[in-house]
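The values are calculated or read from the model by the stated rules, or taken from the named source; none is laboratory data. Predicted model, so just to flag it, every value in this text is computed and none were measured. Cβ placement follows ideal geometry from the backbone for every residue including glycine, while neighbour counts extend to all protein chains displayed. Side chains included, ligands, DNA and RNA excluded: accessible areas come from the protein's heavy atoms. Shrake-Rupley method; radii C 1.70, N 1.55, O 1.52, S 1.80 Å.
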Amino acid sequence: MQNSGQPGAESRVRIRGTGTINDSNPLYIVDGMPLEGGVDYLNPQDIQSIEVLKDAASAAIYGSRAANGVILITTKKGKAGKLSISYSGRLSYARPTNLIEQVTNYGDYMERINEAYENMGRPNHFSEATIEAWRAAEKDPNGLTENGIPNYVAYPNTDWEKEMFNHGIINDHNVSITGGTDKLRVLMSAGYLDNPGLVDNTGIRKYSLRANIEADITKWLTVGTRTFASQEDKEPANFDNANEGLRS
């Protein structure tokens with residue numbers, strides 16, 4: 001589940017439902033290492049497989065932390081063979097959909113509010129003088145009020161959805177290098193994601209690096225490392241309550 005469409009919003013996973021008022025998140029095991037919290041930092045292109053343990057027997061392996069289920073994630077490994085370089089990229093166009101059709105002409109809005117009040121047997125909420133002043137200013141938007149303010153400023157007809165929402169281009173690029181010998185296998189990868197968001201100052205940029213290396217020291221001993229780094233640059237705007245404002 002994702003409660004917000006804002007770029008970088010944390011995803012919630014529920015395997016066995018909500019069993020507590022506290023933390024109902026599953027236990028994540030990445031390459032054999034238990035990690036607290038989510039795994040949104042992982043580059044999806046680095047994942048080899050995902051397994052879900054949902055029965056109570058998983059607690060016999062991982063203890064009480066497995067009460068909400070376990071998600072086993074295995075990242076890709078290097079393969080013996082010639083050096084291989086692969087690239088995957090995605091360039092997508094994002095725009096808002098299913099927007100609410102709104103009355104953006106304030107004169108029309110005031111007339112409809114008055115009609116609603118009349119249907120309820122109540123006096124008009126907006127006076128006819130106010131509506132007429134707005135209509136007159138609409139016909140001459142560049143004219144000036146008695147205070148020298150342009151009509152389009154003093155009597156705006158603003159489409160707030162058009163003002164708030166943008167269209168954007170999402171960039172997602174990944175490069176990986178793999179290769180090695182029968183005794184040494186290497187995989188290195190780098191990822192870059194740029195999602196500007198549909199609203200100003202809500203975008204995110206993510207950078208990731210990974211090095212998975214394995215070496216067979218003897219026939220019975222294999223050593224290796226799973227090293228990764230991730231950086232997330234998230235713009236500070238909060239859009240959680242903006243849609244409620246548009247509806248009101």
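Observations on the model:
- Meets criteria (surrounded by fewer than 19 Cβ atoms within 10 Å (Cβ to Cβ), farther than 18 Å from Ala190 by Cα, over 23 Å from the mean Cα position of the chain (by Cα) and of a type in the set (A, V, I, L, M, F, W, C)) for Ile50: no
- Among the residues making up segment 70-88, those that are of a type in the set (S, T, N, Q) and either within 17 Å of Ile213 (Cα to Cα) or in contact with a helix residue (DSSP H, G or I) (Cβ under 7 Å, 6 or more places away or on another chain) (or both) are Thr74, Thr75, Ser84, Ser88.
- Each residue in segment 163-184 was checked for being open to solvent by 40 Å² or more (accessible area, probe 1.4 Å) and farther than 19 Å from Pro96 by Cα, and 7 of them qualify.
- Listed here are the helices (runs of 4 or more DSSP H) enclosed by segment 105-188 that have at least 2 residues being more than 42 Å from the chain's Cα centre (by Cα) and of a type in the set (D, E, K, R): 128-139.
- Any chance Glu214 is of a type in the set (D, E, K, R), exposed (fewer than 14 other Cβ atoms within 10 Å of the Cβ) and touching a residue at least 40 places away in the same chain (Cβ under 8 Å): no
- Applying the condition of being touching a residue at least 24 places away in the same chain (Cβ under 8 Å) and touching a Leu at 6+ places or on another chain (Cβ under 8 Å) to segment 131-162 and asking which residue is most open to solvent (accessible area, probe 1.4 Å) yields Trp160.
- Qualifying residue in segment 231-238 (condition: closer than 30 Å to Val30 by Cα, free of Cβ contacts under 8 Å to residues at least 40 places away in the same chain, under 25 Å from the mean Cα position of the chain (by Cα) and open to solvent by 80 Å² or more (accessible area, probe 1.4 Å)): yes
- Hits in segment 59-77 - residues which are open to solvent by 40 Å² or more (accessible area, probe 1.4 Å) and either under 13 Å from Gly32 (Cβ atoms) or not small (Gly, Ala, Ser) (or both): Ile61, Tyr62, Arg65, Thr74, Lys76, Lys77
- Within the span defined as segment 108-116, every residue fails to be under 30 Å from Asp46 (Cα atoms) and open to solvent by 40 Å² or more (accessible area, probe 1.4 Å).
- Failed item, numbered, when Gln45 is tested on (1) open to solvent by 30 Å² or more (accessible area, probe 1.4 Å); (2) over 30 Å from Ile213 (Cβ atoms): (2)
- Just so you know, in segment 220-230 the residues that are in contact with a strand residue (DSSP E or B) (Cβ under 7 Å, 6 or more places away or on another chain) and free of Cβ contacts under 8 Å to residues at least 12 places away in the same chain include one that is surrounded by the fewest Cβ atoms within 10 Å (Cβ to Cβ), and it is Val223.
- Check on Thr104, of a type in the set (Ser, Thr, Tyr) and without any contact (Cβ under 8 Å) to a residue 12 or more places away in the chain: no
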